[in-house]
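Visitor: Below you'll find the structure I mean.
The values are calculated or read from the model by the stated rules, or taken from the named source; none is laboratory data. The structure presented is a predicted model; accordingly, all values stated were derived computationally and were not measured. Positions of Cβ are generated from backbone atoms using ideal geometry, with glycine treated the same way; all protein chains shown enter the neighbour counts.
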Amino acid sequence: MTKKPETPNGERIQKLLANAGFGSRRELERRIAAGEVRVNGKIAKLGDRILPTDKVMIGQHQVGNRRLLENVQHTIVYNKPEGELVTRSDPKERPTVFQRLPKLDTGRWIAVGRLDINTSGLMLFTTDGELANRLMHPSGQIEREYAVRVLGEVTESMLNRLVNGVELEDGTARFEHVVESGGEGANRWFHVVIMEGRNREVRRLWEAVGAQVNRLKRVRFGPVMLDTRLLVGKWRELNSEELNKLQELTGLRTGVAKRVNARRSVLDLKKTKHTTVKQRYRPKK
């Protein structure tokens with residue numbers, strides 16, 4: 001009778017460290033490959049399995065065993081105000097998003113993507129490095145929806161360009177949808193959906209067609225909506241339904257992940273202060 005191979009002890013090093021909040025799995029894999037991680041005095045290799053009781057060093061920093069043992073994951077949504085930076089520290093001592101987040105006994109908050117200093121709205125933070133990595137990876141094709149206030153005239157030709165592709169300095173980009181949502185005077189509101197997280201992508205797309213954005217707010221990331229009850233500068237834990245949907249979307253839960261589209265949110269605009277939806281622009285087939 002053939003003896004079944006024993007299951008290796010421990011957890012893969014990059015997974016355990018990512019889950020404990022020491023960075024995304026991709027970042028940790030890079031550091032391991034560069035020889036920056038040691039286990040019990042030896043340089044670690046990708047795929048090594050470790051126990052929470054092992055002595056792990058990342059650079060000159062020793063990983064606390066308690067952080068590896070008490071590996072409870074948290075994910076929150078934060079309503080970022082304008083004027084805050086998405087960084088852990090700033091040489092100019094400007095306010096950062098991390099200053100308002102709840103303190104953790106173990107692990108650390110990982111920002112799922114970034115918003116620039118002049119952009120407000122929904123941000124996700126998690127202690128689960130693997131979840132953060134999958135949510136940010138371009139292959140995930142996860143929708144981000146923004147409310148945009150544009151100064152000046154916006155023509156139908158400009159909107160059609162935005163959904164069919166505009167050449168930026170880092171490649172072609174476009175909006176999945178553009179929805180007119182009213183406004184007064186020279187200012188017009190639109191809701192737009194993108195599938196990537198490139199630096200200042202929404203602003204750059206509008207600027208590329210000659211429009212000026214004077215307010216930008218993220219209102220949705222995948223299945224997670226910015227609840228109007230969540231005040232600016234406040235946070236809340238994701239509920240189990242939202243967390244399950246994120247895990248399904250990234251393949252971390254059993255089951256077929258379903259692509260989250262913008263239908264629900266753009267139709268809900270009828271209930272918001274930005275007036276009624278007028279027309280939705282989509283790419284030409």
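Visitor: Of the numbered conditions (1) under 15 Å from Leu16 (Cβ atoms); (2) of a type in the set (Val, Ile, Thr); (3) over 28 Å from the mean Cα position of the chain (by Cα), Ile43 satisfies every one except a single condition; which is it?
Guide: Of everything listed in (1) under 15 Å from Leu16 (Cβ atoms); (2) of a type in the set (Val, Ile, Thr); (3) over 28 Å from the mean Cα position of the chain (by Cα), Ile43 misses just condition (1).
Visitor: Just give me the residues in region 65-78 being over 30 Å from Arg229 (Cβ atoms) and surrounded by 13 or more Cβ atoms within 10 Å (Cβ to Cβ), in sequence order.
Guide: Asn65, Arg67, Leu68, Glu70, Asn71
Visitor: Please state which one of Arg229, Arg253 is at pLDDT 90 or above, farther than 30 Å from Asp170 by Cα and out of contact with any Lys or Arg (no Cβ under 7 Å at 6 or more places or on another chain).
Guide: Within the list Arg229, Arg253, the selection yields Arg229.
Visitor: Looking at region 120-134, can you tell me whether even one residue there is assigned to a loop (DSSP other than H, G, I, E, B), in the same structural domain as Val232 (by TED's automatic domain parsing) and not hydroxyl-bearing (Ser, Thr, Tyr)?
Guide: yes
Visitor: Of all residues in region 166-184 being surrounded by 15 or more Cβ atoms within 10 Å (Cβ to Cβ) and small (Gly, Ala, Ser), which is nearest to Arg204 (Cα to Cα)?
Guide: This residue is Ala173.
Visitor: I've got another one for you. Go over the candidates Glu207, Glu196, Glu180 one by one and state the one that is free of Cβ contacts under 8 Å to residues at least 40 places away in the same chain and of a type outside the set (Ser, Thr, Tyr).
Guide: Working: Glu196 fails: free of Cβ contacts under 8 Å to residues at least 40 places away in the same chain; Glu180 fails: free of Cβ contacts under 8 Å to residues at least 40 places away in the same chain.
Exactly one of Glu207, Glu196, Glu180 is free of Cβ contacts under 8 Å to residues at least 40 places away in the same chain and of a type outside the set (Ser, Thr, Tyr), namely Glu207.
Visitor: Return the residues of region 98-121 that are at negative phi and under 9 Å from the mean Cα position of the chain (by Cα); say none if nothing qualifies.
Guide: Within region 98-121, the first condition is being at negative phi, and the residues that meet it are 98-106, 108-112, 114-120.
Selection gives Ala111, Val112, Arg114.
Visitor: Just checking, does region 74-88 include any residue being out of contact with any Cys (no Cβ under 6 Å at 6 or more places or on another chain), modelled with pLDDT under 95, of a type outside the set (Lys, Arg) and under 18 Å from Glu130 (Cα atoms)?
Guide: yes
Visitor: Being in the same structural domain as Gly113 (by TED's automatic domain parsing) and either modelled with pLDDT of 80 or more or assigned to a strand (DSSP E or B) (or both) is the requirement here; does Ile32 meet it? Even if it seems obvious, please write down each step before you answer.
Guide: Numbers: in the same structural domain as Gly113 (by TED's automatic domain parsing): no; either modelled with pLDDT of 80 or more or assigned to a strand (DSSP E or B) (or both): yes.
No: the conditions fail for Ile32.
Visitor: Quick check on my filter: what residues within region 1-24 are modelled with pLDDT of 80 or more and surrounded by fewer than 20 Cβ atoms within 10 Å (Cβ to Cβ)?
Guide: Matches in region 1-24: Arg12, Lys15.
Visitor: When you go through (1) crowded, with 16+ Cβ neighbours inside 10 Å; (2) more than 19 Å from the chain's Cα centre (by Cα); (3) within 27 Å of Thr96 (Cβ to Cβ) one by one for Leu216, which number turns out not to apply?
Guide: The one condition Leu216 does not meet is (2).
Visitor: When only residues in region 122-141 that are among the small types (Gly, Ala, Ser) and crowded, with 22+ Cβ neighbours inside 10 Å count, which is farthest from Leu226 (Cα to Cα)?
Guide: Applying the filter and picking the extreme gives Gly129.
Visitor: Still on this model: Name every residue in region 41-85 that is of a type in the set (A, V, I, L, M) and free of Cβ contacts under 8 Å to residues at least 12 places away in the same chain, in order of residue number.
Guide: Ile43
Visitor: Is it fair to say Leu162 is more than 21 Å from Val86 (Cβ to Cβ), surrounded by 22 or more Cβ atoms within 10 Å (Cβ to Cβ) and touching a residue at least 12 places away in the same chain (Cβ under 8 Å)?
Guide: It is true that Leu162 is more than 21 Å from Val86 (Cβ to Cβ), surrounded by 22 or more Cβ atoms within 10 Å (Cβ to Cβ) and touching a residue at least 12 places away in the same chain (Cβ under 8 Å).
Visitor: For region 226-241, give me each residue that is more than 12 Å from Ile76 (Cα to Cα) and not in a loop (DSSP other than H, G, I, E, B).
Guide: Within region 226-241, Glu241 is the sole residue that qualifies.
Visitor: A further question on this structure: In region 126-151, which residues are among the polar types (S, T, N, Q) and either farther than 21 Å from Leu238 by Cβ or without any contact (Cβ under 8 Å) to a residue 60 or more places away in the chain (or both)?
Guide: Across region 126-151, the qualifying residues are Thr126, Ser139.
Visitor: Tell me, which strands (runs of 3 or more DSSP E) wholly within region 150-204 include 1 or more residues that are outside the structural domain of Leu216 (by TED's automatic domain parsing)?
Guide: none
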